[in-house]
Amino acid sequence: MAIGNKTRDNLWTLITAPTIWGVHFLLCYGSVAYGCAPNENIFQTIGGFRIFVGGLTVVALAGIGFVFMRALGEWRRNGGRIPHEEDSAEVRERFLEFSTVLLAGLSFIAVIYTALPAAMMVDCR
Amino acid sequence: MLAGAVVIWVAVIGLSVFATKIRPGAYGEKAGLRLIVWGGCVFPVVVLTALLVWGLQMMPVLRAEANGPTIAVSAERFWWRVAYDVDGEPGVAKSLPEGGVPSANEIWLPAGLRSEFLIGSPDVIHSLWIPSIAGKMDAIPGRVNRLVVEPTKPGVYNGVCAEFCGDAHAQMALRVVVVSPEEYEAYVARQSQPASVGADDEGFRRFTENGCDACHTVRGTAATGKVGPDLTHLASRRTIAAGTLPMSPENLATFVGFTHRVKPGVQMPSYGMLSEDEIAAIAGWLETLK
Ligand SMILES: [Cu+2]
């Protein structure tokens, strides 16, 4: 279905941002849990893992930011307008773009919230 | 906390009054959109971020090292096994440390010190909750959880099991007695003493004859059972059977004679078949275990 856009939106582009969020979440918690296991020394510091989480967060935010800007840009350029109620391929495309924008915004904030503990905790407690 | 709740309450009630009484009727699309963006996105994100940061920076302080005693608390269906001054192990252990001064169903704490609970369970998941002193901490079989508490005000507090664990879950409470550090030391020293029981004591004889000693320990005697609570200083507690009845000779007799009517589901048989005199003799003797 060529509609004259750069990207053809589909369910995969829609879930890209939440997927980045999910992977980021998994790696953040998994890595620190791995570092602290079996948690015999609860005052052990987690400096390295905090840096890792920080780097990961920057990458994740960049990825989500890209998704956000792309979807928003295409939506705007093609005159997207809510509500997307019409029964056509064109409106379906706009609808997906708009949903992608919303999900990317949500994921962006979620990634920050996920990473915040690592910004504030210094050890395995 | 209360202030926050009041603010939220006033805001919610105020909004509902506004929307139903002061300005009923529909809003334009622009206004609705603005409400969603500011009220539904920006506002919660800002508030939640502030609360999250605030909560997170409080966490390490809450879990700082203890400078008071280490107390092992084993949550068992449906009572609390307590041991004072155990050797605390750092980090996560699979089972509670052995030893310490045994007690049950009542925990004394020194005011002004950070005491550390090591919390475990041999059967199912329970949760130790002393609302005035600390948040809940689960007691999980095969794992020891740590909870550091710092009571500041002497007094008697109530605690409960906060995780459904079976029939008598609702009757699995405990008293927490906060006293000065000196009184705490004296209390633990008293609890560490054996009971003084004459071998020819009528009540004690009935106690062993009926097999109570298979499950209960009375230190200083041949009773060394480990299934139920240590009874060495039973009468020094404020309650019977984990907060179920106030401590008194009559209530002791009631509990022994009608165990399952008082507290259904406990792992102690009812001794209703004993004669009233016999139960009274046992209860009278239990009452001397100060
Ligand atoms: Cu329980």
Self-check item: Cys residues of chain A counted as unpaired, since no other Cys beta-carbon is under 4.7 Å
Solution: A:28
Quiz prompt | Solvent-free Debye scattering, log10 I(q)/I(0), computed from the Cα coordinates of the stretch B:65-206 at q = 0.09, 0.17 Å⁻¹ | solution = -0.28, -0.91
Quiz item: For peptide B:209-218, how many partner chain Cβ atoms fall within 10 Å of a residue's Cβ, on average?
Solution: 0
Quiz item: Just the Cα atoms of the stretch B:2-62, one point each, no solvent: what log10 I(q)/I(0) does Debye give at q = 0.13, 0.21 Å⁻¹?
Solution: -0.53, -1.00
Quiz item: Simple spin-label model, 7 Å along Cα-to-Cβ: residue A:19 to residue B:124 in nm?
Solution: 4.3
Quiz item: Which of these, B:141, B:194, B:102, has the largest mean-square fluctuation under a Gaussian network model of chain B (Cα springs below 10 Å)?
Solution: B:194
Practice problem: Tell me, rounded to the nearest percent, the portion of alpha carbon pairs in the protein assembly as shown spaced more than 43 Å apart. | Solution: 38
Quiz item: What Kirkwood radius, in Å to one decimal, follows from the Cα pairs of chain B?
Solution: 21.9
Exercise. List the extent of the Cα atoms of the stretch B:1-105 along each of their three principal axes, largest first, rounded to whole Å.
Key: 71, 29, 24
Quiz item: Once the piece of chain linking residue A:82 and residue A:27 is laid out straight, how much longer is it, given 0.36 nm per residue of separation minus the C-alpha distance between them?
Solution: 16.2 nm
Quiz item: Which links in B:94/B:226; B:226/B:263; B:94/B:136; B:136/B:263 stretch past 22 Å when you go from one Cα to the other?
Solution: B:136/B:263
Quiz item: Not counting the cut sites, what is the longest span of chain A without GluC sites (Glu not before Pro) that DSSP labels loop and that have at most 12 other Cβ atoms within 10 Å?
Solution: A:1-84
Quiz prompt | Chain lengthening between residue B:200 and residue B:183 when straightened (0.36 nm per residue, less Cα-Cα) | solution = 2.8 nm
Quiz item: Cα convex hull of chain A: how many Å³ per residue?
Solution: 103
Quiz item: Mean shadow of the stretch B:202-286, computed from the convex hull of its alpha carbons, in nm²?
Solution: 4.9
Exercise. Among B:156, B:227, B:17, determine the one that fluctuates most according to a GNM of chain B built with springs between C-alpha atoms less than 10 Å apart.
Key: B:17
Quiz item: Roughly speaking, what is the stretch gain from residue B:2 to residue B:52, that is 0.36 nm per residue apart minus the C-alpha to C-alpha distance, in nm to one decimal?
Solution: 16.2 nm
Exercise. Report the calculated FRET efficiency for residue B:67 and residue A:89 (r = Cβ-Cβ distance, R0 = 51 Å), to the nearest 0.05.
Key: 0.15
Quiz item: Longest exposed-loop-site-free stretch of chain B, with chymotrypsin sites (Phe, Trp or Tyr not before Pro), DSSP loop and at most 12 other Cβ within 10 Å?
Solution: B:28-163
Quiz prompt | In the stretch B:70-125, GluC sites (Glu not before Pro) in a DSSP loop with at most 15 other beta-carbon atoms within 10 Å | solution = B:98
Quiz item: Of B:12, B:160, B:218, which has the largest mean-square fluctuation in a 10 Å C-alpha GNM of chain B?
Solution: B:12
Quiz item: If you plug each phi of the stretch A:74-90 into the Karplus form 6.51 cos²θ - 1.76 cosθ + 1.60 with θ = phi - 60°, what whole-Hz ³J(HN,Hα) values come out, in order, with x for Gly and Pro?
Solution: 5, 4, 5, 4, 9, x, x, 8, 7, x, 8, 10, 6, 9, 8, 4, 4
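A short reminder: the numbers here are calculations on the coordinates, not readings from a lab. Here the structure is a predicted model, which means the values were calculated and not measured. Using ideal geometry, Cβ is built from the backbone for each residue, glycine included, and neighbour counts are taken over all protein chains shown.
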